[in-house]
Amino acid sequence: AQSVSQHNHHVILSEAASLELGCNYSYGGTVNLFWYVQYPGQHLQLLLKYFSGDPLVKGIKGFEAEFIKSKFSFNLRKPSVQWSDTAEYFCAVNANTNAGKSTFGDGTTLTVKP
Amino acid sequence: KAGVTQTPRYLIKTRGQQVTLSCSPISGHRSVSWYQQTPGQGLQFLFEYFSETQRNKGNFPGRFSGRQFSNSRSEMNVSTLELGDSALYLCASSLAGQGVNEQFFGPGTRLTVL
């Protein structure tokens, strides 16, 4: 069975600080990896995705993530956060052969202080 | 291209009643998945439909059911509602559900059970 663990439940940063959110997954086969963001009152939006190839993927709004297969990790990073990045962030995984069923982490709430 | 739409956006029901939620996927998408989002449990996979057949199922009781129509629209039904069914129900669609695919989420239906 798939599982996803997000290490930080709530992160508070000041504007311009760097961000790294941890995500580890458990699955024995080939996976697709995702980071989603949910802004207050809005629906889930895809930040970035990894299917194959370059393990460093770049997404929208300056976010990037690195897939480290040996560590089963897919950490999200942003060099300089803005107040508008305040949101909840979810890491998700689905199996390459079963992409209609995603397993999500518990989410990390990011609060950026102006 | 229009995104995933869900109706209604808000619902208030009482215990014991039943409810039907609707989801219209992005045009051309044949896979529709349903998720339940609650503060305590996070995002939990309910089921996935593809070509009018349930292809994946999560660990929810039989009170939760769904179906998909020939135009890929999907409905989810919850019978004999319980207080714990109060949640945001999210629908996601994807092109085919296997291989390199990402899911696109709708805004959700907020169900409150009194």
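Just give me the residues in the range A:13-50 being touching a Ser or Thr at 6+ places or on another chain (Cβ under 6 Å) and more than 17 Å from A:R77 (Cβ to Cβ), in sequence order.
A:S26 - this is the single residue of the range A:13-50 that is touching a Ser or Thr at 6+ places or on another chain (Cβ under 6 Å) and more than 17 Å from A:R77 (Cβ to Cβ).
Each row is one residue, and each column tells you yes or no for (1) surrounded by 17 or more Cβ atoms within 10 Å (Cβ to Cβ); (2) touching a residue at least 24 places away in the same chain (Cβ under 8 Å); (3) in contact with a Phe, Trp or Tyr (Cβ under 6 Å, 6 or more places away or on another chain).
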residue: A:I60; (1), (2), (3): no, no, no
residue: A:S73; (1), (2), (3): yes, yes, no
residue: A:R77; (1), (2), (3): no, yes, no
residue: A:S80; (1), (2), (3): no, yes, no
residue: A:D85; (1), (2), (3): yes, yes, no
residue: A:Y89; (1), (2), (3): yes, yes, no
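Any residue that is surrounded by 13 or more Cβ atoms within 10 Å (Cβ to Cβ), in contact with a Leu (Cβ under 8 Å, 6 or more places away or on another chain), at pLDDT 95 or above and among the small types (G, A, S) - is there at least one of those in the range B:81-88?
yes
Out of all the residues in the range B:42-70, which are within 16 Å of A:T103 (Cα to Cα), part of a loop (DSSP other than H, G, I, E, B) and either free of Cβ contacts under 8 Å to residues at least 24 places away in the same chain or β-branched (V, I, T) (or both)?
Listed by number, the residues that qualify are B:G58, B:N59.
For every residue, the table says whether it meets (1) buried (at least 18 other Cβ atoms within 10 Å of the Cβ); (2) facing chain A (nearest Cβ under 8 Å).
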residue: B:H29; (1), (2): yes, no
residue: B:L43; (1), (2): yes, yes
residue: B:F47; (1), (2): yes, no
residue: B:F50; (1), (2): yes, yes
residue: B:T53; (1), (2): no, no
residue: B:F60; (1), (2): no, no
residue: B:R63; (1), (2): no, no
residue: B:G66; (1), (2): yes, no
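When you check A:N94 against the structure, is it within 14 Å of chain B (Cβ to nearest Cβ), polar (S, T, N, Q), assigned to a strand (DSSP E or B) and touching a residue at least 40 places away in the same chain (Cβ under 8 Å), yes or no?
yes
Looking at (1) part of a loop (DSSP other than H, G, I, E, B); (2) farther than 20 Å from B:P39 by Cβ; (3) within 12 Å of the chain's Cα centre (by Cα), can you tell me which one A:N8 breaks?
The single condition A:N8 does not satisfy is (2).
Residue under question is A:A1, and the condition is that it be surrounded by 12 or more Cβ atoms within 10 Å (Cβ to Cβ), more than 12 Å from the chain's Cα centre (by Cα) and not in a strand (DSSP E or B); does it hold?
No: the conditions fail for A:A1.
Sort out which residues of the range A:49-91 are within 11 Å of chain B (Cβ to nearest Cβ) and either modelled with pLDDT of 95 or more or touching a His at 6+ places or on another chain (Cβ under 6 Å) (or both), and write them in order of number.
A:E88, A:F90, A:C91
The values are calculated or read from the model by the stated rules, or taken from the named source; none is laboratory data. The structure presented is a predicted model; accordingly, all values stated were derived computationally and were not measured. Neighbour counts run over all protein chains shown; Cβ positions are idealised from the backbone, glycine included.
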